[in-house]
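Working notes for the structure below.
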Amino acid sequence: MIITSTCVLRRGSVSLLTVSGGRRADTPMPVRESEALILRSFPLGEADRLVSFLSRSEGRIRGVASGARRTKSRFGSTLEPFSYVRMWFYERETRELVRINQCELIESFLEVQRDYAVSLALALMSEVSEAVLGEHEVAEPNFRLLLLIARAIKAGAKLPLALAYFAFWTVRLGGWMPALDRCSRCGAALTDRALMARSGLFCPNCALPGQRSISKEVLELARRMASGKLEDLIKADFPAAAVEEIKDQMLNLIEQHIEKKLNTRKMMADEAEPLT
């Protein structure tokens with residue numbers, strides 16, 4: 001954008017620059033309204049909060065909630081992690097961060113996060129979502145996935161299965177899921193077992209040294225996740241080892257694609273007690 005004049009007008013403490021076509025840079029856009037899930041929030045300055053959220057209609061966005069840390073803030077508890085809210089915000093043409101005007105709480109997941117294992121699980125989901133979703137790229141299926149898993153955990157679903165389902169569908173929505181029924185090299189049907197690499201699943205005849213073996217139980221569970229509803233999977237009784245393996249394999253794929261380790265995953269691994 002080419003600035004054609006630099007007449008600085010003072011309105012209070014805001015400077016406005018006139019740009020080509022007679023428009024002014026840094027002018028606020030119309031206020032937008034959207035359902036959103038709060039991914040993370042951080043203190044900013046003395047009274048504000050920096051908020052990362054997933055808008056149902058606008059994608060992953062970062063914004064500033066002015067005065068959110070004050071005792072009598074109008075935001076209340078709406079900016080807590082995984083709050084499901086209706087949000088009003090606007091952006092300026094030259095700013096990366098939007099301004100959050102107002103939040104209305106639709107559903108809270110704060111109480112369930114008093115359990116440390118649950119708080120780590122939701123934090124992992126937030127970290128993954130921030131890493132795999134581009135800013136301002138609409139990701140409505142990912143929004144629905146996060147809300148589905150959070151509600152399932154709130155209702156008492158076992159954390160390993162909930163996280164395995166989340167990681168599986170994050171990989172699938174990202175387009176990184178290999179074919180689950182055919183060898184990626186020769187096309188042979190995968191029946192009893194397979195071997196996994198970043199480029200796909202392979203039959204024993206096409207396997208290369210160093211590839212990790214995938215059991216028949218894990219293959220069957222992955223296929224159930226691809227076609228079944230979470231509410232039905234929760235009622236079934238799957239081997240704990242198969243659930244853990246699905247979760248770990250999918251998180252490995254995510255880390256390979258984002259090219260970094262997930263901090264929350266390491267925190268979960270450092271826990272003395274496994275997730276239940």
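Subtract the Cα-Cα distance of E255 and E93 from 0.36 nm times their separation in residues, and report this length gain in nm to one decimal.
55.0 nm
Just the projected area, averaged over all directions, of the convex hull on the alpha carbon atoms of the chain: how many nm²?
19.0
Taking the Cα centre as origin and putting +1 on Lys and Arg beta-carbons and -1 on Asp and Glu beta-carbons, what dipole magnitude results for the chain, to the nearest 20 debye?
About 720 debye.
Where the Cα atoms of region 185-269 are projected onto their three principal axes, how long is each span, largest first, in whole Å?
35, 33, 19
Rounded to the nearest 0.05, what FRET efficiency do E220 and E135 have when you use their Cβ-Cβ distance and R0 = 41 Å?
According to the calculation, E is roughly 0.65.
Once you have all Cα-Cα distances for region 126-276, histogram them in 5 Å bins from zero and send the whole-percent values.
Reading upward from the zero bin: 2, 9, 18, 21, 21, 16, 9, 4, 1.
Work through the residues other than K154 whose Cβ is under 9 Å from its Cβ and net out their charges, Lys, Arg +1 and Asp, Glu -1.
It works out to a net charge of -1.
Report the convex hull volume per residue for region 32-89, counting only C-alpha atoms, in Å³.
66
When the Cα centres of region 196-261 and region 139-155 are compared, how far apart do they sit, in Å?
Region 196-261 and region 139-155 have Cα centres separated by 20 Å.
For the pairs K154/K235; K158/K261; K216/K266; K158/K235; K154/K229, flag any whose C-alpha to C-alpha distance is greater than 20 Å.
In this structure, K158/K261; K216/K266 lie more than 20 Å apart at Cα.
With a sphere of radius 13 Å drawn around the Cβ of A197, what net charge do the other residues whose Cβ falls strictly inside it have (Lys, Arg +1; Asp, Glu -1)?
Local charge sum for A197: +3.
How would you rank 130-139, 59-68, highest first, on the average number of other Cβ atoms within 10 Å across their residues?
Those peptides, ordered most packed to least, come out 59-68, 130-139.
Report the net charge of residues surrounding A47, where surrounding means a beta-carbon distance below 15 angstrom and charges are Lys +1, Arg +1, Asp -1, Glu -1.
Taking every Cβ under 15 Å from that of A47, the sum is +4.
FYI, it's all coordinate maths here, none of it is from the lab. Not measured: the values here are computed from a predicted model. Note that we place each Cβ from the backbone using ideal geometry, even for glycine, and neighbour counts take in every protein chain shown.
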